[in-house]
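Q: Here it is, the structure in full.
The values are calculated or read from the model by the stated rules, or taken from the named source; none is laboratory data. Everything numeric in this text was worked out from a predicted model, so none of it was measured. Glycine gets a Cβ as well: all are built from the backbone with ideal geometry, and neighbour counts include every protein chain shown. Heads up: the accessible areas ignore ligands, DNA and RNA and are worked out on the full protein's heavy atoms, side chains in. Shrake-Rupley method; radii C 1.70, N 1.55, O 1.52, S 1.80 Å.
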There are 2 protein chains.
Amino acid sequence: MGSDTAPRHPTLADVAARAGVSASTASLAFSGSGPVSDATKERVLAAAAELDYAGPDPRARSLRRGRSGIVGVVLEERVRAAFLDPVKIRTLDGIAEGIAPLGAGLLLFTDAGDGDAPVSIENAPVDAVVLIGCSPRLDASVEALRRRGIPTVAIEGAPGSEIPEITIDNEQATRRGADYLHHLGHRRVGIVTLPFDADRTRGVVTDDLVARATTAVTLERLAGARSVFPDAPAIAAAGSSIEEGREAARPLLDLPAVERPTAIIAQSDLLAAGVIRAAEERGLTVPGDLSVLGFDGIRVDGLQHDLTTLDQPSADKGRAAGEAVVRMLAGEAPESVAFTSTLHIGDTTAAPRTA
Amino acid sequence: MGSDTAPRHPTLADVAARAGVSASTASLAFSGSGPVSDATKERVLAAAAELDYAGPDPRARSLRRGRSGIVGVVLEERVRAAFLDPVKIRTLDGIAEGIAPLGAGLLLFTDAGDGDAPVSIENAPVDAVVLIGCSPRLDASVEALRRRGIPTVAIEGAPGSEIPEITIDNEQATRRGADYLHHLGHRRVGIVTLPFDADRTRGVVTDDLVARATTAVTLERLAGARSVFPDAPAIAAAGSSIEEGREAARPLLDLPAVERPTAIIAQSDLLAAGVIRAAEERGLTVPGDLSVLGFDGIRVDGLQHDLTTLDQPSADKGRAAGEAVVRMLAGEAPESVAFTSTLHIGDTTAAPRTA
DNA sequence: CTGAAAGCGCTTACAG
DNA sequence: CTGAAAGCGCTTACAG
């Protein structure tokens, strides 16, 4: 017990001292952004090597420069949930591609609303942010980022805010799918929806739930379905997963045969896969006894059907968001981008048996 | 043109001034980590609200505190490539789960070797790092992180380094699969491998290539296969993808029928799927004309077969790495973890026709 | 409970 | 080409 305890890592000042130059000069030697003689530069680098100096501290550098070189991606809910959702993965893939010119890192975190977490919307050291997906907390997030002065772009669901949005035609696309079911002869149709709000309330979709909804995507797809089937009963799931779809389908499928829907419109492919599973568990065949329409256009692992669905360009959306970030960071004005989904007719829809 | 141009964001000092307290007190009011009277705290918060202050700057905070609250994940090659690889996705998922107690963000970047990029191994503002997967540049990465004093754990492929490793039984598992093929009666077996080095050299695997290899996983799986089939010809792919597998299978499948392998051992499921596609393009049936063994245990999108493969616990590996990070950050000594893969017998392997 | 001071490690005008 | 100085915005002992 005597001298220094923790073996402190060397700093630029240490390197400068050893090289016999000023800190400014040492800094220049590292950044290369100034006139330094080759001899001096060599001396600094040699000193750094001798001290096992790892290079300028990124924390100090980013404080001083005001930029961190990091682009944030804000996911709703837990980060790991996103890794289980093929749509999110494809979107992330697109973002990574879009921001590639930046050489920036991608910081993933959530808008769980905990501003005290080490990394959150309120305090993440990011130069720009992409908000992904229909988060109920979106308004608060956008506001927090505005206060921080951080360029932001939202993928889906920031209606009314000032930030650029990357969207798809949720309502029109769903209407197109619903129209198709209608043309096939379906009249009793059920809907399985994504969550409406931060609480992710499960169960029958009431007027009240709709009125208090904060998730634009859910509302838009619901409106599209109801524009064709105004009275279609809807059940809200708590998220986009096969299991949630299976649960949500229950009240619809357990109705007496004469009341049971002949078709179900699901707001995501994973939900649709759950609906199909629920139907098959009850001995119903798809599309014989029940037609099922999805949304997304992903391939669902293990699903034996070619799902009829609205194919949306997830990766394109991500890339557009990434490119918007690059533009904003360059001081340009980014623009919102709207993509279009296409109806893919698979083998999970057919005319109803009793048509 | 006169006064201030850029509408500077308010700082803690501004808030303190407006609240009529010192910066120290204002800081305390925000962090909550000190004794401040309720009245003062309220005054500070009110001043902050009036100034639209967004809270302490994370860059300054992390410089001062010495921690960023960010865990880095280093991927080989481009970030977006990882989003296309199911094994990586499952591993990331596991890491996210493992570090959940930290509330930390996950910063994804690559070890592309460009230390001048805004975010790289040399300068990423991270508290700890997980190196994922068999990177040829691993040694350099580990060394850079050691110099920076950043706790590091490697998933696969850091033999000989001082850092904890999360591994699986690559050699033994592959040997188990090869044994199974041998028992089925196969004697002419080909191998399609992952890359051996940073160059990702494609083509016939020569002794020279093996001698210069820097990717442990590739070598271990190769050794496992050759322990059963010492003379098996091997073709290296440039990555783990269906297309690479398809290409790599070509020289093996284009041999005259009497020399053509009756079975191919692929070092990943994606490569195996490519091998199967290549076989079917040539009118060969699997497993009738060719048995195919994979590695990973993922479901390959669009593959009509139930692949015989070595099922490895990717998510578990990620979680173990995340937990190791949490332990290191808590000052505990982490330990290496070795997982075991299991042989899954699907419908892509059978006795050879000429057995 | 509150304030003055130092300092985290670097970069950037500004002189020379 | 090089150096002295200021400051990025905060937090943390240390006094009081």
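Q: Output the number of residues of region A:173-204 satisfying the condition of being of a type in the set (S, T, N, Q) and without any contact (Cβ under 8 Å) to a residue 60 or more places away in the chain. Walk me through how you get there before you give the answer.
A: Taking region A:173-204 as the starting set, the residues that turn out to be of a type in the set (S, T, N, Q) are A:174, A:193, A:201.
Still in the running and without any contact (Cβ under 8 Å) to a residue 60 or more places away in the chain: A:201.
Qualifying residue count for the region: 1.
Q: So how many residues does region B:217-253 have that are more than 22 Å from B:E76 (Cβ to Cβ), touching a residue at least 24 places away in the same chain (Cβ under 8 Å) and outside any helix (DSSP H, G or I)?
A: Of the residues in that region, 5 qualify.
Q: A further question follows. Is it fair to say B:D93 is part of a loop (DSSP other than H, G, I, E, B) and either closer than 17 Å to A:A81 by Cα or free of Cβ contacts under 8 Å to residues at least 12 places away in the same chain (or both)? Spell out the reasoning first.
A: On the way: part of a loop (DSSP other than H, G, I, E, B): no; either closer than 17 Å to A:A81 by Cα or free of Cβ contacts under 8 Å to residues at least 12 places away in the same chain (or both): yes.
In short, no.
Let's see how each residue does on (1) more than 12 Å from DNA strand D (Cβ to nearest atom); (2) within 24 Å of A:G103 (Cα to Cα); (3) modelled with pLDDT of 90 or more:
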{"residue": "A:T25", "(1), (2), (3)": "no, no, yes"}
{"residue": "A:P35", "(1), (2), (3)": "no, no, no"}
{"residue": "A:L45", "(1), (2), (3)": "yes, no, yes"}
{"residue": "A:L51", "(1), (2), (3)": "yes, no, yes"}
{"residue": "A:P56", "(1), (2), (3)": "no, yes, yes"}
{"residue": "A:A60", "(1), (2), (3)": "no, yes, yes"}
{"residue": "A:G69", "(1), (2), (3)": "yes, yes, yes"}
{"residue": "A:L75", "(1), (2), (3)": "yes, yes, no"}
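Q: Restricting attention to region A:7-26, report how many residues are assigned to a helix (DSSP H, G or I) and either within 14 Å of chain B (Cβ to nearest Cβ) or in contact with a Cys (Cβ under 9 Å, 6 or more places away or on another chain) (or both).
A: To start, the set of residues in region A:7-26 that are assigned to a helix (DSSP H, G or I) comprises A:12-19, A:23-26.
With either within 14 Å of chain B (Cβ to nearest Cβ) or in contact with a Cys (Cβ under 9 Å, 6 or more places away or on another chain) (or both) added as a condition, the list becomes A:12, A:14-15.
Qualifying residue count, region A:7-26: 3.
Q: Taking into account only those residues within region A:101-124 that are modelled with pLDDT under 85 and among the hydrophobic types (A, V, I, L, M, F, W, C), which is nearest to B:A29 (Cα to Cα)?
A: A:A117
Q: Residues that are within 22 Å of A:A140 (Cα to Cα), small (G, A, S) and either within 11 Å of DNA strand C (Cβ to nearest atom) or outside any loop (DSSP other than H, G, I, E, B) (or both): does region B:48-65 have at least one?
A: yes
Q: Determine the pairs where a residue that is of a type outside the set (S, T, N, Q), located within region A:30-41, has a partner that is within 11 Å of DNA strand C (Cβ to nearest atom) with Cβ atoms under 6 Å apart, the partner being 6 or more residues away or on another chain.
A: Close Cβ pairs satisfying both conditions: A:F30/A:P56; A:G34/A:L28; A:V36/A:L28; A:V36/A:A29; A:K41/A:A29.
Q: B:L284: crowded, with 24+ Cβ neighbours inside 10 Å and not hydroxyl-bearing (S, T, Y), yes or no?
A: Details: crowded, with 24+ Cβ neighbours inside 10 Å: no; not hydroxyl-bearing (S, T, Y): yes.
So B:L284 fails the test.
Q: Can you name the residue in region A:169-179 that is of a type outside the set (K, R) and open to solvent by 10 Å² or more (accessible area, probe 1.4 Å) and, of all such residues, is farthest from A:G94 (Cα to Cα)? Quick ask: steps written out before the conclusion?
A: First, pick out the residues of region A:169-179 that are of a type outside the set (K, R): A:169-174, A:177-179.
Of the ones still in play, those that are also open to solvent by 10 Å² or more (accessible area, probe 1.4 Å) are A:169, A:171-172, A:179.
Details: A:D169: 19, A:E171: 23, A:Q172: 24, A:D179: 31 Å.
Across region A:169-179, the extreme among qualifying residues is A:D179.
Yes/no matrix, rows are residues, columns are (1) among the hydrophobic types (A, V, I, L, M, F, W, C); (2) crowded, with 22+ Cβ neighbours inside 10 Å; (3) closer than 25 Å to B:I150 by Cα:
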| position | (1), (2), (3) |
| --- | --- |
| A:P35 | no, no, no |
| A:T40 | no, no, no |
| A:D57 | no, no, yes |
| A:A60 | yes, no, yes |
| A:R65 | no, no, yes |
| A:G72 | no, yes, yes |
| A:L84 | yes, no, no |
| A:G98 | no, yes, no |
| A:L107 | yes, yes, yes |
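Q: Does region A:323-334 include one or more residues that are touching a residue at least 40 places away in the same chain (Cβ under 8 Å), open to solvent by 20 Å² or more (accessible area, probe 1.4 Å) and out of contact with any helix residue (DSSP H, G or I) (no Cβ under 9 Å at 6 or more places or on another chain)?
A: Step one: list which residues in region A:323-334 are touching a residue at least 40 places away in the same chain (Cβ under 8 Å), which gives A:323-326, A:328-329, A:334.
Then drop every residue that is not open to solvent by 20 Å² or more (accessible area, probe 1.4 Å), which leaves A:323, A:326, A:328-329, A:334.
Now drop any that are not out of contact with any helix residue (DSSP H, G or I) (no Cβ under 9 Å at 6 or more places or on another chain), which leaves A:328.
There is at least one residue in region A:323-334 that is touching a residue at least 40 places away in the same chain (Cβ under 8 Å), open to solvent by 20 Å² or more (accessible area, probe 1.4 Å) and out of contact with any helix residue (DSSP H, G or I) (no Cβ under 9 Å at 6 or more places or on another chain).
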